[in-house]
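What follows is calculated from the coordinates using simple rules that are stated; it is not laboratory data. Note that this is a predicted model, so its numbers are computed, not measured.
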């Protein structure tokens with residue numbers, strides 16, 4: 001088990017190093033000089049040169065890369081070209097919205113998907129299964145921004161339970177913060193829940209056809225007992241994979257929902273920074289997202305090993 | 001009074017009848033074997049007794065376990081009986097256990113689910129039962145996971161789960177079909193011992209007549225969902241009445257008539273071949289280890305010769321086969337066909353490959369289901385520089401299909417339209433169509449019913465006469481190898497431990513391993529001595 005973890009850790013470090021290289025150089029070769037962009041096209045060449053020196057853009061690329069990575073390791077993400085504020089501070093403010101939102105949405109989607117997926121699998125081919133599968137079909141098909149707007153219309157404008165947008169901040173208390181993230185979380189969670197529910201169902205159905213389920217029944221377990229005791233844990237590998245992917249998506253891919261609800265999240269930060277050629281912010285946010293994705297994958301790998309003893313002993 | 005009494009059991013799945021008027025009994029401590037070929041309804045009978053027949057099935061008649069009619073029990077009542085009064089052992093030990101739970105938990109579950117003890121008691125009973133089935137605690141602690149055990153050991157765990165509560169009746173559905181012959185002998189002995197010790201009724205489902213004849217007190221022969229004959233083992237075998245019973249028996253001991261050898265020229269030469277596999281690194285930065293799957297193997301096959309290769313799973317048969325076919329390089333030695341290497345410059349040597357073809361075990365998995373037979377059997381044409389086209393091609397397809405006992409019209413059909421035996425004929429046609437000099441049969445008849453197997457073996461003999469075939473016949477089934485080969489190699493742990501003319505090796509084995517193999521293989525009694533019907537009492 002320890003060797004399994006060590007091997008995963010090693011591959012994690014290598015992935016991060018490669019990712020930082022790719023991110024830095026791909027973004028650097030994209031056209032658009034931040035200094036020119038900030039000063040406008042009619043600016044004087046010597047003014048641009050001065051600004052480039054001030055932003056640290058005049059040293060060779062490899063040195064900027066080393067400075068950047070060195071900064072990341074010590075928590076210094078550099079200074080935003082546009083806002084002249086530390087990137088680390090900008091990101092952490094946004095992260096306090098995006099991370100709770102992603103966790104909130106993922107929790108909701110898992111809470112919806114597990115029972116519905118298990119229910120559908122245990123009633124395969126019957127009316128309950130058909131109903132759940134029909135609902136998930138709909139959940140996958142509905143665009144989440146439209147669903148978000150419908151939620152706003154119903155719960156914010158008509159019923160006035162929630163505010164239509166914005167984030168109150170955590171200083172108003174945990175309850176108030178969560179309350180203002182509820183509609184966005186639901187709009188994010190529903191399509192994810194639909195997908196996860198289908199994965200749960202098909203993974204369980206695969207397991208239900210396994211020989212050991214028949215063995216369990218021959219021991220005297222009821223269909224339900226066999227499903228809970230022997231089916232569920234064996235069906236977890238594909239489900240965990242999807243949960244890992246969904247978390248990464250929720251963290252960075254919430255940009256449309258952030259826009260609809262006017263939330264100051266990471267997605268919007270990236271979007272604004274790209275528009276402003278604020279390369280250092282883009283690089284740092286992307287690197288942070290890559291870091292999160294790799295960490296989530298690492299956690300999923302560990303979860304696999306917890307679920308399946310064969311992975312623990314395999315090297 | 002009998003323990004299990006099945007009376008006029010008929011069953012259908014949806015509107016498709018599966019069982020007709022099945023009537024038989026199992027007494028306490030008695031071993032009854034139901035035998036028959038695929039589709040005979042033998043497994044369905046077993047599942048009906050367990051109340052685990054597939055959805056959409058409906059049964060009539062009575063299945064009396066002592067005084068209880070199992071067909072009238074509710075699902076909850078059946079759950080209380082399963083694992084408690086009736087235990088069941090299955091065919092596939094590799095998949096019959098839950099991979100994520102320890103063997104101790106899985107055996108203890110039988111006890112816990114029936115409320116027969118606390119968790120501590122259940123674990124103690126589990127440990128005792130595992131010891132009883134030959135998995136002592138010092139070597140197989142309760143915390144082991146199934147993947148840490150071999151197939152035979154896993155089957156012992158499945159048996160332990162089934163007998164933990166000492167059920168009155170044990171049903172074993174092809175319990176040894178997936179196991180090696182020496183393991184099979186041990187498991188059969190164990191089952192018989194448990195039945196005798198616990199005075200437990202044992203209902204064995206098996207297609208293997210030799211196993212039946214050595215093991216059972218009584219035999220029930222089924223065909224197409226009906227019982228065609230049943231009786232005491234010795235009596236039934238010596239006084240077979242029904243033509244199907246006779247046919248089954250004849251097919252099981254079928255002998256083919258091979259034409260004599262025609263040539264002495266060597267065709268395939270395997271010289272000092274070793275094949276290593278990498279094993280996982282011991283530490284993160286350590287060098288990977290190696291496992292020698294084939295160790296310094298040398299032999300040759302003469303033109304027109306039929307060579308057998310026998311050995312148990314893991315002995316290196318398949319690795320050797322892949323090396324001979326040029327699918328993988330070897331680490332030492334050389335393999336040549338007519339003097340040309342089968343593998344050169346990092347890949348299979350095409351000029352040699354077109355002279356070798358292979359027929360695999362699984363007639364269902366080895367065809368692309370979306371291709372027609374004409375396309376399937378002409379696949380080896382890709383190996384030719386100038387494959388036949390147009391009318392030549394059509395003629396060759398027709399000729400080859402007819403040579404393997406199919407018709408030219410079958411060329412336009414899809415594989416799912418054929419039975420298992422017919423598919424194996426298609427596989428042989430695919431191997432034959434480019435007239436290779438050597439055909440490798442890799443367990444080619446192992447998945448077939450005995451009557452079909454006998455036909456395929458006859459076909460091989462016919463093809464030998466017609467096309468002067470040279471083949472390497474790899475099988476774990478000793479009786480088949482004995483009849484279709486001239487010479488045989490016995491392989492153990494990557495090495496050839498014995499080789500010689502087939503008849504000589506079988507009648508006078510020299511190596512201890514060969515002797516063990518032959519002793520473990522179940523055999524049908526010699527029925528020529530009809531004067532004494534009890535000359536061959538059942539084993540144990």
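Annotations
- Size descriptors for chain A: radius of gyration and Dmax over Cα atoms are 23.9, 85 Å.
- Calculated mean residue ellipticity at 222 nm for the protein assembly as shown: -15000 deg cm²/dmol, from DSSP H runs with n ≥ 4 weighted as -39500 (n - 2.57), summed, divided by the residue count and rounded to 500.
- Computed from the alpha carbon atoms alone, the convex hull of segment B:193-326 holds 242 Å³ per residue.
- Using only the C-alpha atoms, the convex hull of segment B:155-264 corresponds to 154 Å³ per residue.
- Approximate shape of segment B:391-489 as ellipsoid semi-axes (Cα gyration tensor, √5λ), whole Å, largest first: 23, 16, 10
- Relative frequency of Cα-Cα separations exceeding 12 Å in segment A:91-133, percent: 64
- The C-alpha radius of gyration of segment B:445-512, expressed as a fraction of 2.2 N^0.38 Å, stands at 1.20.
- Segment B:93-166, relative contact order [Cα under 8 Å, separation at least 6], %: 46
- Chain B: angle of helix B:243-252 to the longest principal axis, Cα-based, in degrees nearest 10: 50
- Percent breakdown of C-alpha pair distances by 20 Å bin, ordered from the shortest bin, for the protein assembly as shown: 12, 33, 33, 18, 5, 0
- Cα centroid separation - segment A:87-146 against segment B:163-178, whole Å: 45
- Listed residues A:199, A:290, A:168, most fluctuating in chain A (Gaussian network, C-alpha, under 10 Å): A:168
- Against the compact-protein benchmark of 2.2 N^0.38 Å, the Cα-based radius of gyration of segment A:108-165 scales to 1.44.
- Relative contact order, percent, chain A [alpha-carbon distance under 8 Å, six or more residues apart]: 27
- Highest mobility in the GNM of chain A, judged by mean-square fluctuation with C-alpha springs under 10 Å and restricted to A:232, A:204, A:174, is found for A:174.
- Rule-of-thumb Rg ratio for chain B [Cα; 2.2 N^0.38 Å; N residues]: 1.06
- Over segment A:17-166: Rg over Rh, Cα atoms, Kirkwood Rh: 1.18
- Along its principal axes, segment A:38-78 has C-alpha extents of 38, 18, 13 angstrom, given from the largest down.
- C-alpha long axis of helix B:390-403 to longest principal axis of chain B, angle in °: 50
- Just checking the listed ones, A:283, A:258, A:54: in the Gaussian network model of chain A with Cα springs under 10 Å, the one fluctuating most is A:54.
- Mean sequence separation of contacting Cα pairs (under 8 Å, at least six apart), scaled by the length of chain B, corresponds to a relative contact order of 16 percent.
- Distance between segment A:1-45 and segment B:69-92 - C-alpha centres, whole angstrom: 62
- Inter-part distance, segment B:443-470 to segment B:347-412, computed on C-alpha centroids, equals 17 Å.
- Beta bridges per DSSP with both ends in the protein assembly as shown, % antiparallel, nearest 5: 60
- Distances between every pair of Cα atoms in segment B:276-409, grouped in 5 Å steps from 0 to the bin holding the largest one, split as 2, 7, 13, 16, 17, 15, 13, 8, 5, 2, 1, 1, 0 percent.
- Note on segment B:1-144: Cα-only Rg and Dmax are 17.5, 53 Å.
- Rounded if a/c under 1.5, otherwise prolate or oblate - segment B:85-201, Cα gyration tensor axes: oblate
- For segment B:344-436: Kirkwood Rh in Å [reciprocal of mean 1/r, alpha carbons]: 13.6
- On Cα atoms only, tilt of B:119-132 relative to the major axis of chain B in degrees: 50
- Cα gyration tensor shape of segment B:340-382, rounded if a/c is under 1.5, else prolate or oblate by comparing a/b with b/c: prolate
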